[in-house]
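Participant: Pasting a structure here, questions to come.
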Amino acid sequence: MTRRAFALFLLVGAWLALTLAACQKAQGPNIEISDAWGRPSPKVATAGAFYMKIRNTGSEDDALIGGESPACGTVELHESFKTPEGAMGMRPVEGGKIVIPAGETVELKMGGLHIMCIDKKVDFKPGTTVQLTLHFEKSGDIPVELEIRQPMK
Amino acid sequence: MSSTAKRGLWMGVGALLLVVLGWWGWQRFRPYAFHGTVLQSAEPAPDFTLMSADGPVSLSDFRGKIVLLYFGYTFCPDVCPTTLFEVQRTMELLGEDADEVQLIMISVDPLRDTPERLKEYVQYFHPSFIGVTGSDEEIAQVATQYGIYYQKHEGTPATGYLVDHTATITVIDREGYVKLIFPYGTPAEDMAADLEYLIKH
């Protein structure tokens with residue numbers, strides 16, 4: 001085989017290998033986080049809530065199982081709900097995880113699912129950002145930058 | 001066109017005019033429909049005296065103003081800030097009339113909520129907001145008088161205990177009678193409209 005043919009052969013081979021590798025990566029969950037925010041609050045409010053949209057564009061379910069932030073002593077997953085007495089309550093999410101089914105978006109929002117920032121260490125000032133690392137069952141650690149702002153109305 | 005047709009046309013126009021007039025009259029003169037739940041209490045709202053960071057606060061201190069009572073606690077990360085933010089927006093919508101409205105937050109967590117903590121928390125939302133607390137007995141008494149349910153329950157080791165609580169806002173009119181209840185989630189626009197009506201009438 002001529003040198004040129006051989007070079008072409010290598011090139012095509014490499015391209016094929018890369019494409020196959022990319023195809024492999026498309027299997028499984030694919031998490032996208034958008035509109036991540038937290039409400040402004042003073043240091044005296046020792047618990048804060050983070051909200052966001054979590055979208056799974058992949059082909060497998062995944063689940064949010066926890067998180068970490070330098071701004072919080074502990075990060076937990078909670079949800080607000082209405083009790084049988086008509087009162088509002090809050091509880092840790094069942095099973096300790098929020099499932100993000102394949103092809104769906106789960107919204108963490110006021111009055112519902114939220115990420116709780118316990119033992120908040122700082123003022124949350126409007127216009128600043130908070131670093132948060134989310135732990136997913138399959139997708140592993142995903143870093144998120146949260147915007148501290150008032151709720152959109 | 002024929003005379004019958006012409007007559008028919010005029011009758012049609014007349015009928016239309018009547019409908020339009022009737023609709024306008026109905027809009028203009030119908031009684032105001034509140035967004036909140038209206039209560040007709042025969043008795044004045046029970047007075048109470050609880051502790052704020054600036055000294056004792058009694059409901060009767062605010063006779064002549066419209067008082068919004070909210071039961072919550074500072075450790076609550078989602079429901080309470082959400083509600084207080086809606087009231088903050090309501091105050092903004094009221095403009096100058098906001099001076100006629102007083103929000104008092106009563107803590108359902110007197111163990112952790114000190115008067116100073118409450119003050120810092122509520123004033124973060126609006127400088128006029130007042131936060132009060134008291135002994136377990138005092139809080140229980142006021143909550144019962146206002147039909148507010150609250151219950152401590154276990155959280156996680158990190159959160160400590162949590163308190164389920166009725167998250168409504170009780171509206172007391174200028175004469176000191178409970179007039180309205182705003183359920184949790186009532187938007188600021190609805191609250192402002194109702195309060196505007198109470199201020200003007």
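Participant: Which one is farthest from residue B:179 (Cα to Cα), of the residues in the stretch B:22-79 that are in a loop (DSSP other than H, G, I, E, B) and touching a Cys at 6+ places or on another chain (Cβ under 8 Å)?
Facilitator: Narrowing the stretch B:22-79 to residues in a loop (DSSP other than H, G, I, E, B): B:30-36, B:39-48, B:53-54, B:64, B:73-78.
Cutting the leftovers down to touching a Cys at 6+ places or on another chain (Cβ under 8 Å) gives us B:73-74, B:77.
Numbers: B:73: 24, B:74: 27, B:77: 29 Å.
For the stretch B:22-79, the residue satisfying everything is B:77.
Participant: From the residues in the stretch B:74-98 that are over 11 Å from residue B:129 (Cα atoms) and more than 10 Å from every other protein chain (Cβ to nearest Cβ), which one is surrounded by the fewest Cβ atoms within 10 Å (Cβ to Cβ)?
Facilitator: For the stretch B:74-98, the residue satisfying everything is B:96.
Participant: Can you tell me which residue in the stretch B:145-160 is farthest from the other protein chains (Cβ to nearest Cβ), limited to those that are in a loop (DSSP other than H, G, I, E, B), on the phi < 0 side of the Ramachandran plot and surrounded by 13 or more Cβ atoms within 10 Å (Cβ to Cβ)?
Facilitator: Filtering the stretch B:145-160 for residues that are in a loop (DSSP other than H, G, I, E, B), on the phi < 0 side of the Ramachandran plot and surrounded by 13 or more Cβ atoms within 10 Å (Cβ to Cβ), the one farthest from the other protein chains (Cβ to nearest Cβ) comes out as B:146.
Participant: When you scan the stretch B:34-45, do you find a residue that is modelled with pLDDT of 95 or more and polar (S, T, N, Q), even just one?
Facilitator: Scanning the stretch B:34-45 turns up no residue that is modelled with pLDDT of 95 or more and polar (S, T, N, Q).
Participant: Give me the residue from the stretch A:107-128 that is surrounded by fewer than 17 Cβ atoms within 10 Å (Cβ to Cβ) and part of a strand (DSSP E or B) and, out of that set, farthest from the chain's Cα centre (by Cα).
Facilitator: That would be A:119.
Participant: Condition test on residue A:58, is it in a loop (DSSP other than H, G, I, E, B), surrounded by 16 or more Cβ atoms within 10 Å (Cβ to Cβ) and more than 7 Å from every other protein chain (Cβ to nearest Cβ)?
Facilitator: Taking the combined requirement at face value, the residue satisfies it.
Participant: Would you confirm whether or not the stretch B:122-141 contains a residue that is more than 10 Å from every other protein chain (Cβ to nearest Cβ), touching a helix residue (DSSP H, G or I) at 6+ places or on another chain (Cβ under 7 Å), crowded, with 21+ Cβ neighbours inside 10 Å and in a loop (DSSP other than H, G, I, E, B)?
Facilitator: Within the stretch B:122-141 (the criterion being more than 10 Å from every other protein chain (Cβ to nearest Cβ), touching a helix residue (DSSP H, G or I) at 6+ places or on another chain (Cβ under 7 Å), crowded, with 21+ Cβ neighbours inside 10 Å and in a loop (DSSP other than H, G, I, E, B)), the answer is yes, since at least one residue qualifies.
Participant: Follow-up question, since we're still on this one. Can you find, within the stretch A:77-98, the residue that is surrounded by the fewest Cβ atoms within 10 Å (Cβ to Cβ) among those that are touching an Asp or Glu at 6+ places or on another chain (Cβ under 6 Å) and farther than 18 Å from residue B:156 by Cα?
Facilitator: A:83
Participant: Which condition number in (1) more than 8 Å from every other protein chain (Cβ to nearest Cβ); (2) closer than 20 Å to residue A:31 by Cα is the one that residue A:125 fails?
Facilitator: Unmet condition: (2).
The values are calculated or read from the model by the stated rules, or taken from the named source; none is laboratory data. Small disclaimer: the values here were computed from a predicted structure and weren't measured. Positions of Cβ are backbone-derived with ideal geometry, glycine not excepted, and every protein chain shown enters the neighbour counts.
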